[in-house]
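The values are calculated or read from the model by the stated rules, or taken from the named source; none is laboratory data. Everything quoted here is computed from the prediction, not taken from an experiment. Heads up, the Cβs are rebuilt from the backbone with ideal geometry, glycines too, and the neighbour counts pull from every protein chain shown. Areas reflect the complete protein model, heavy atoms only, side chains present, ligands, DNA and RNA absent. Shrake-Rupley method; radii C 1.70, N 1.55, O 1.52, S 1.80 Å.
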Amino acid sequence: MAAFLSNKLGMFLESSAYISQLIAGTKDKLGITYYPHADGQKANGVAIGGASLWIEKNQPKNVQEGAWQFIKYLSNAENQAKWQKATGYMAINKNSNRTSTLKNLYKKQPEAQVPTEQLKRTIPNYSNSGLFFEGVLKERILSQTAMQQIKDDSNINSSLKTAEDSMNDYITQNNKANKK
């Protein structure tokens, strides 16, 4: 993000959670768009991260009730709208888009609505309906390594292919270990 904001990087992929920071960090107009896909292939949509709150059963009833009241407060449409405006994280309450908070944000910064629109158009499937958590750190390291190699003038296709092959090997080994 620092490289992007200092004009050393023309574009990058990141979570919608960074929109507010990006907007605050630049006077330039941001171009936010749907997640890219290969030419000639249908877009697969996007997977969400986070978006869950938990109340443990092993807690006393009064703690569970307090947690439930807090969750109801957090998930209120207006509170979610304020959260989205302040952070970039997408509101989990669909009614948040009807609040003046988000209507005004979208009027002032239409690009902030792109992640919500893309998620609304996503048709759930195996590729976008969950995350392989066991491989998240591995994938991040492989992606960062490939990006660094590309930045250092390595062949783009070869760097990405190496990362892809390494991740596929990791998934295969993980599936064997877990008998999937």
Please identify the pairs in which a residue from segment 53-72 that is farther than 23 Å from Ala91 by Cα has its Cβ atom under 8 Å from the Cβ atom of a residue that is among the small types (Gly, Ala, Ser), counting only partners at least 6 apart or on another chain.
-> Gln59/Ala67
If a residue has to be more than 17 Å from Phe12 (Cα to Cα) and open to solvent by 50 Å² or more (accessible area, probe 1.4 Å) to count, how many in segment 158-173 make the cut?
-> 11
Is it fair to say Tyr89 is among the aromatic types (Phe, Trp, Tyr) and under 17 Å from Ala24 (Cα atoms)?
-> yes
Can you spot a residue in segment 2-10 that is under 24 Å from Ser100 (Cβ atoms) and either exposed (fewer than 12 other Cβ atoms within 10 Å of the Cβ) or more than 19 Å from the chain's Cα centre (by Cα) (or both)?
-> no
Residues satisfying the stated conditions in segment 40-68, i.e. surrounded by fewer than 10 Cβ atoms within 10 Å (Cβ to Cβ) and not hydrophobic (A, V, I, L, M, F, W, C) | Gly40, Gln41, Lys42, Ser52, Glu56, Lys57, Asn58, Pro60, Lys61, Asn62
Checked segment 118-165 for anything in a loop (DSSP other than H, G, I, E, B), over 16 Å from the mean Cα position of the chain (by Cα) and hydrophobic (A, V, I, L, M, F, W, C); matches are Ile123
